[in-house]
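To start, the structure under review is shown below, and the notes come after it.
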Ligand code: SF4
Ligand code: FES
């Protein structure tokens, strides 16, 4: 529920942003707008109604630099206010606008319409998740799996008086592991999730590796045990979709391989080889 403050903000501030955006769209450096029509073919479904899902097409006037998310906002503002999708930051930071765009999971706010090199922009919601409305899915299973892996530091000892110090080398081990924005693109792109709904999925497993590699965490054994079972790392078929779609160029497949090596190393007393 909106508080009176947030209601006030949403009523006064958001329309203002949209007006500014529209005004900005009317100008470019030469003062000439070059518009080209693009067809947005969007998956439509409303789980609260007893209707079959289908696709609906909208004509969007697009110009250089315009993103798919801006196209969706245009449709919502001008053609069909009932269109549902998620977005927030519009800067590739919050991870809320991941969707299937012309055959690939991407962030709508980072995907420029002209870069798709197609007159048609086909949009589908993320797979393996229940569609609530149109491109808006129920992310509960994704967050439940994330919660299961305990995504926080477990130092296992009282904290020092000041911060826990890391060496530069320790910090370096976290490169490529800490930039996940939890967009779920990897989760939706992984075909294993379709046949095995309990599989933890690439995002949660990458996060496990992020804590296993962290010198300030002391729960390696607990973390490895938690992902060595039926729904954990060995469920991964190394298909690489997650690596291909990640908008932050992270490597969940690599993290899963690291975790597998560690688990095998411990089980067979080969920890010196499988570090
Ligand atoms: S690993 Fe990449 S694709 Fe997966 S949730 Fe994180 S940012 Fe998104
Ligand atoms: S709106 Fe935040 S990542 Fe796209």
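The values are calculated or read from the model by the stated rules, or taken from the named source; none is laboratory data. Just so it is clear, the structure is predicted and the values come from calculations on it, not from any experiment. Reconstructed Cβ throughout: ideal geometry from the backbone, glycine too, with neighbour counts over all protein chains shown.
Points worth noting:
- Residue check, residue 104 away from ligand 1 (no atom under 15 Å from the Cβ) and either outside the structural domain of residue 219 (by TED's automatic domain parsing) or buried (at least 17 other Cβ atoms within 10 Å of the Cβ) (or both): no
- Selected residue (only one of 254, 265, 269, 201 is more than 15 Å from residue 178 (Cβ to Cβ), away from ligand 2 (no atom under 16 Å from the Cβ) and modelled with pLDDT of 95 or more): 201
- Search result, residues across region 220-232 that are in contact with a helix residue (DSSP H, G or I) (Cβ under 7 Å, 6 or more places away or on another chain) and in contact (Cβ under 8 Å) with a residue 60 or more places away in the chain: 223, 227
- Inspection of region 148-166 identifies no residue that is within 16 Å of ligand 2 (Cβ to nearest atom), crowded, with 17+ Cβ neighbours inside 10 Å and within 20 Å of residue 259 (Cα to Cα).
- Residue in region 120-133 that is at pLDDT 95 or above, in the same structural domain as residue 189 (by TED's automatic domain parsing) and surrounded by 17 or more Cβ atoms within 10 Å (Cβ to Cβ) present: no
- The sole residue among 225, 209 that is closer than 14 Å to residue 148 by Cβ and not in a loop (DSSP other than H, G, I, E, B) is 225.
- Selection status of residue 174, in contact with a helix residue (DSSP H, G or I) (Cβ under 8 Å, 6 or more places away or on another chain) and farther than 30 Å from residue 225 by Cα: no
- Some residue of region 74-81 being within 27 Å of residue 249 (Cβ to Cβ) and surrounded by 19 or more Cβ atoms within 10 Å (Cβ to Cβ): no
- Considered as a group, the residues in region 182-206 that are near ligand 1 (Cβ under 8 Å from one of its atoms) and within 17 Å of residue 152 (Cβ to Cβ) include one that is surrounded by the most Cβ atoms within 10 Å (Cβ to Cβ), and that residue is 203.
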